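The values are calculated or read from the model by the stated rules, or taken from the named source; none is laboratory data. None of the values given here were measured: they were computed from a predicted structure. Cβ: placed from backbone, ideal geometry, glycine included. Neighbour counts: every protein chain shown. Protein only, heavy atoms only, side chains kept; ligands, DNA and RNA dropped before computing areas. Shrake-Rupley method; radii C 1.70, N 1.55, O 1.52, S 1.80 Å.
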Amino acid sequence: MIRVQSSYRICEAFGIPITADFTSLGLLLILVFDFGLPLGLPCALMLAVSIVLHELAHSLTSRAFGCRISEIRLSVLGGCASGEIPHAAWKELLMAAAGPAMSFLLGFGTYFAVGGVPIESDWLREVLQYFIVMNVVLGAFNLLPGFPMDGGRIFRCIMRAFTTRAKATYWAMIVGRVSAVALVVLPL
């Protein structure tokens, strides 16, 4: 019987292994086929790097509070940092907000860094535009209050000021379900 590995180690950053499962190739291939190889490949690689930086922001913030991080895994759904979560609500809130903050920093930082610079190359202009938009969308999407996404964790932390952790988690799950239904129904 052939045994297929579920994920492959790509590299390590700050002592945290970064792995990718085979589904992450699907996400990258979609971009390559959608944009074509010359534009799709750099966009796919920049998306992967942006997701890793987003998850590293979560991981390093969590680590600053004494939590251990076992890995960052890339998949077709994006990325996920695995490890301990700070127990104090304010620490978890900072950890949850660090990822979207990194995405916004990458997007808006690039926009302001190259905003006034004339770019002659259409290819480079398109790659930079994709990088900017993709990071701003990544940051905004992660702020949606769908638990256990970043926005759902932030919502739970805010709710913990008014109730217990268990009840805050329950309400974060309810708001997350409503958000998920709204994401499906509203476009229809």
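Data for the structure
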| item | result |
| --- | --- |
| Rounded to the nearest 20 debye, dipole of the chain from Cβ charges on Lys, Arg, Asp, Glu | 880 |
| Tail fraction, Cα-Cα pairs, the stretch 131-188, threshold 14 Å, whole percent | 57 |
| Protein accessible area in the chain, 1.4 Å probe - carbon and sulfur % | 72 |
| Rg(Cα) / (2.2 N^0.38 Å) computed for the stretch 1-146, rounded to two decimals | 1.13 |
| Kyte-Doolittle mean at least -1.0 and Cα axial length at least 27 Å: DSSP H helices in the chain | 37-64, 89-114, 122-142, 165-185 |
| Chymotrypsin sites (Phe, Trp or Tyr not before Pro) within the stretch 79-188, DSSP loop, no more than 11 other Cβ atoms inside 10 Å | Phe162 |
| Solvent exposure of the chain as accessible area per residue, Å², 1.4 Å probe | 59 |
| Helix-derived mean residue ellipticity, 222 nm - over the chain, DSSP H n ≥ 4, -39500 (n - 2.57), to 500 | -22000 deg cm²/dmol |
